[in-house]
Amino acid sequence: MARDNFFPPQLITFYRELEKMAVPEDKWQVEEAKLKTWNGKEPLVKEAPPEIDPEFFLAFTAKVFDLLQKHLPDLGPGLELVKTNLPENLEEVKRLAQALCQRDPIAITWLKDPASVPPDVFGFAFSHVTRLLLGAYTRKVRGSVNFSSWERGECPVCGAKPLLARLKRTGERFLYCGVCGMEWRFVRVTCPFCGNDSPGELGFWEGAEGYRADVCYRCRAYLKTVDERKHPEEGASLFWEDIKTVALDFAMLGKGFQNKAFTAS
Ligand SMILES: [Zn+2]
Ligand SMILES: [Zn+2]
């Protein structure tokens, strides 16, 4: 059975179409000075958030929601609730966009009637909008900010926990953020989730050729890893590699490990 068969095909079509949606550079900006003075204490987006054109944000959100509704019709009623609760005041729209990009839980409070919208529906619907907006942000700032002093397991751009890792042919490990697309260097023999660096409590499970899951026996995390030393392609998109390796997720979950990118602690 192909590994792709584990992933809902309608979601793959949705992601393919979503990938075509561009975030034009003239629809958002960031204060260059704040990028330069970033001191590496907090994720970059907290210090230098993107300022998004609120009208563009509303139009973009509507397009993403339409696409979601087309491919996942079951979401329809929930999406309708989010749509009818979007703020109309452009200043509030700006704040909603900023809170979403900063992954700030107060984002939902910018809806007209937050209590009427289930948080999981709000979170899922906007996760796609945020991913595209932050993806554009990361691509732009990556070249102009020095991330070399960042030694933490969370994403230096948005603060999310890593979703995947890439083991380069040089032997260096890079962690990948599924929220903003950032990749940053991280020590090989340390769990990015709990900081455990005791070799006896770390290990890995081989997946299909070129894939493995690094595990931490202390916090029970697993981290899917593309091992480029064995993988036919160098620099493959980790977004798609994640989707292609859902079978490995099931295997690791079955062994009692957790995907910490999706857990609160
Ligand atoms: Zn990130
Ligand atoms: Zn750990």
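The values are calculated or read from the model by the stated rules, or taken from the named source; none is laboratory data. Here the structure is a predicted model, which is why all the values come from computation and not from measurement. Cβ sites come from the backbone with ideal geometry, for glycine too, and all protein chains shown count toward neighbours.
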### Query
Where residues in the range 12-26 are of a type in the set (A, V, I, L, M) and surrounded by 13 or more Cβ atoms within 10 Å (Cβ to Cβ), which of them is nearest to Ser127 (Cα to Cα)?
Leu18
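Rundown of residues vs (1) out of contact with any Lys or Arg (no Cβ under 9 Å at 6 or more places or on another chain); (2) over 25 Å from Leu68 (Cα atoms), yes/no style:
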residue	(1), (2)
Leu11	yes, no
Lys27	yes, no
Glu31	yes, yes
Lys36	yes, yes
Asn39	yes, yes
Glu42	yes, yes
Ala48	no, yes
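With the condition kept exactly as written, say whether any residue in the range 201-210 is of a type outside the set (Lys, Arg), part of a loop (DSSP other than H, G, I, E, B), within 21 Å of the chain's Cα centre (by Cα) and surrounded by fewer than 19 Cβ atoms within 10 Å (Cβ to Cβ).
The first filter runs over the range 201-210 and keeps only residues of a type outside the set (Lys, Arg), leaving 201-210.
When the remaining residues are screened for being part of a loop (DSSP other than H, G, I, E, B), the result is 207-210.
Pick out the ones that are also within 21 Å of the chain's Cα centre (by Cα) and you get none.
No, the range 201-210 contains no residue that is of a type outside the set (Lys, Arg), part of a loop (DSSP other than H, G, I, E, B), within 21 Å of the chain's Cα centre (by Cα) and surrounded by fewer than 19 Cβ atoms within 10 Å (Cβ to Cβ).
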### Query
Within the range 119-128, can one find any residue that is surrounded by 20 or more Cβ atoms within 10 Å (Cβ to Cβ), within 16 Å of ligand 1 (Cβ to nearest atom) and not acidic (Asp, Glu)?
yes
### Task
Could you please find all residues in the range 212-226 being within 20 Å of the chain's Cα centre (by Cα) and either at pLDDT below 95 or aromatic (Phe, Trp, Tyr) (or both)?
Tyr222
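For the range 85-103, name all the residues that are touching a strand residue (DSSP E or B) at 6+ places or on another chain (Cβ under 8 Å) and either outside any helix (DSSP H, G or I) or of a type outside the set (Gly, Ala, Ser) (or both).
Correct list: Lys94, Gln98, Cys101.
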### Query
Inside the range 133-189, can you point out the residues that are over 23 Å from Asn39 (Cβ atoms) and either assigned to a strand (DSSP E or B) or within 16 Å of ligand 2 (Cβ to nearest atom) (or both)?
Leu163, Leu164, Ala165, Arg166, Leu167, Arg173, Tyr176, Arg188, Val189
### Output for the range 40-57, where each listed residue is modelled with pLDDT under 95 and either closer than 12 Å to Thr130 by Cβ or not assigned by TED's automatic domain parsing to the domain that holds Leu100 (or both)
none
#### Entry: Cβ-Cβ under 8 Å pairs, at least 6 apart or on other chains, the range 212-226 side assigned by TED's automatic domain parsing to the domain that holds Gln258, far side β-branched (Val, Ile, Thr)
Arg212/Thr225; Ala213/Thr225; Asp214/Thr225; Ala221/Val215; Tyr222/Val215; Leu223/Val215; Lys224/Thr245
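Being touching a residue at least 40 places away in the same chain (Cβ under 8 Å) and more than 13 Å from Leu44 (Cα to Cα) is the filter here; which residues of the range 153-170 pass it? I'd like the intermediate steps shown before the answer.
Filtering the range 153-170 for residues touching a residue at least 40 places away in the same chain (Cβ under 8 Å) gives 153-169.
Once the filter is applied, which keeps residues that are touching a residue at least 40 places away in the same chain (Cβ under 8 Å) and more than 13 Å from Leu44 (Cα to Cα), the range 153-170 yields Gly153, Lys161, Pro162, Leu163, Leu164, Ala165, Arg166, Leu167, Lys168, Arg169.
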### Task
With respect to Asp242, determine if the residue is surrounded by 16 or more Cβ atoms within 10 Å (Cβ to Cβ), closer than 22 Å to Tyr15 by Cα and within 16 Å of ligand 1 (Cβ to nearest atom).
yes
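Out of the residues in the range 194-215 that are touching a Ser or Thr at 6+ places or on another chain (Cβ under 9 Å) and within 14 Å of ligand 2 (Cβ to nearest atom), which is nearest to Asp249 (Cα to Cα)?
The qualifying residue nearest to Asp249 (Cα to Cα) is Ala213.
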